[in-house]
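What follows is a short report on a single structure.
The values are calculated or read from the model by the stated rules, or taken from the named source; none is laboratory data. Nothing here was measured: the structure is a model prediction, and the numbers come from that model. Neighbour counts are summed over all protein chains in view; Cβ atoms, including those assigned to glycine, are modelled from backbone coordinates with ideal geometry. Calculation scope for accessible area: heavy atoms of the full protein, side chains included, ligands and nucleic acids excluded. Shrake-Rupley method; radii C 1.70, N 1.55, O 1.52, S 1.80 Å.
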Amino acid sequence: AQSVSQHNHHVILSEAASLELGCNYSYGGTVNLFWYVQYPGQHLQLLLKYFSGDPLVKGIKGFEAEFIKSKFSFNLRKPSVQWSDTAEYFCAVNNIGTYKYIFGTGTRLKVLA
Amino acid sequence: EAQVTQNPRYLITVTGKKLTVTCSQNMNHEYMSWYRQDPGLGLRQIYYSMNVEVTDKGDVPEGYKVSRKEKRNFPLILESPSPNQTSLYFCASSQAPPGPITGELFFGEGSRLTVL
């Protein structure tokens, strides 16, 4: 079955530390890839997305992600986190040709001031 | 303001009492879908709709029904709720169905449902 794995369930960082959250998917075909963020008590919002082209995509609030097709990965990065980045982060995959999005289990990030 | 609106936001009900969670979007989006969010399981897709009168099952459709009679509305129906349907539910919409040129999902604020 198709799946999305987020290996880090909980991450705690100090402000200004660098962040990398892992995301791997199991589908071998063409995919669209997304990272969503859910701030405490809020709905999910899009951070960034990859459809095609440059595998390094930049999103809002200084986040970026790199698509590595050979590793089936789409890791999220930020060079220097802020307290306001405390949130839950979800990786999602859409297989081209289907109408389904598959989400990872999420990573809870806590940034200490 | 472009938005996806869900109601109710919070609901406590009892086993077997039919309920409907409404979802409405004002962006003229074709694609709409429902998800449930449970701790440690992330978001799982319940049902989705590619357009009016076109719906299909997601990964966890058991115990749920949907309808899409109008483009803007996509209600989620629990005919006979059970405690294992206690969850946080999100409705989402997208301009285009997922595909080679796809849009992002816009999410509603969520509906927290407790079934006793």
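Remarks
- Checking A:E20, A:E66, A:E88 one by one, the residue that is free of Cβ contacts under 8 Å to residues at least 12 places away in the same chain and within 13 Å of the chain's Cα centre (by Cα) is A:E66 and no other.
- Qualifying residue in region A:44-57 (condition: modelled with pLDDT under 90, within 13 Å of another protein chain (Cβ to nearest Cβ) and open to solvent by less than 80 Å² (accessible area, probe 1.4 Å)): yes
- Scope region B:43-63; condition within 14 Å of A:K100 (Cβ to Cβ) and either within 7 Å of another protein chain (Cβ to nearest Cβ) or open to solvent by 40 Å² or more (accessible area, probe 1.4 Å) (or both); matching residues: B:L43, B:R44, B:Q45, B:Y48, B:M50, B:T55, B:D56, B:K57, B:G58, B:D59
- Residue check, A:I68 among the aliphatic types (A, V, I, L, M), open to solvent by 40 Å² or more (accessible area, probe 1.4 Å) and within 14 Å of chain B (Cβ to nearest Cβ): no
- Screening A:N8, A:N94, A:N75 for residues that are within 21 Å of B:G40 (Cα to Cα) and more than 14 Å from chain B (Cβ to nearest Cβ) leaves exactly one candidate, A:N75.
- Qualifying residue in region B:5-24 (condition: among the basic types (K, R) and either surrounded by 15 or more Cβ atoms within 10 Å (Cβ to Cβ) or without any contact (Cβ under 8 Å) to a residue 12 or more places away in the chain (or both)): no
Yes/no per residue for (1) at pLDDT below 95; (2) surrounded by 16 or more Cβ atoms within 10 Å (Cβ to Cβ):
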| position | (1), (2) |
| --- | --- |
| B:L76 | no, yes |
| B:S80 | no, no |
| B:T86 | no, yes |
| B:F90 | no, yes |
| B:A96 | yes, no |
| B:I101 | yes, no |
| B:E104 | yes, yes |
| B:L113 | no, yes |
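- Total residues in region B:30-42 satisfying the condition of being more than 8 Å from every other protein chain (Cβ to nearest Cβ) and more than 12 Å from the chain's Cα centre (by Cα): the figure is 3.
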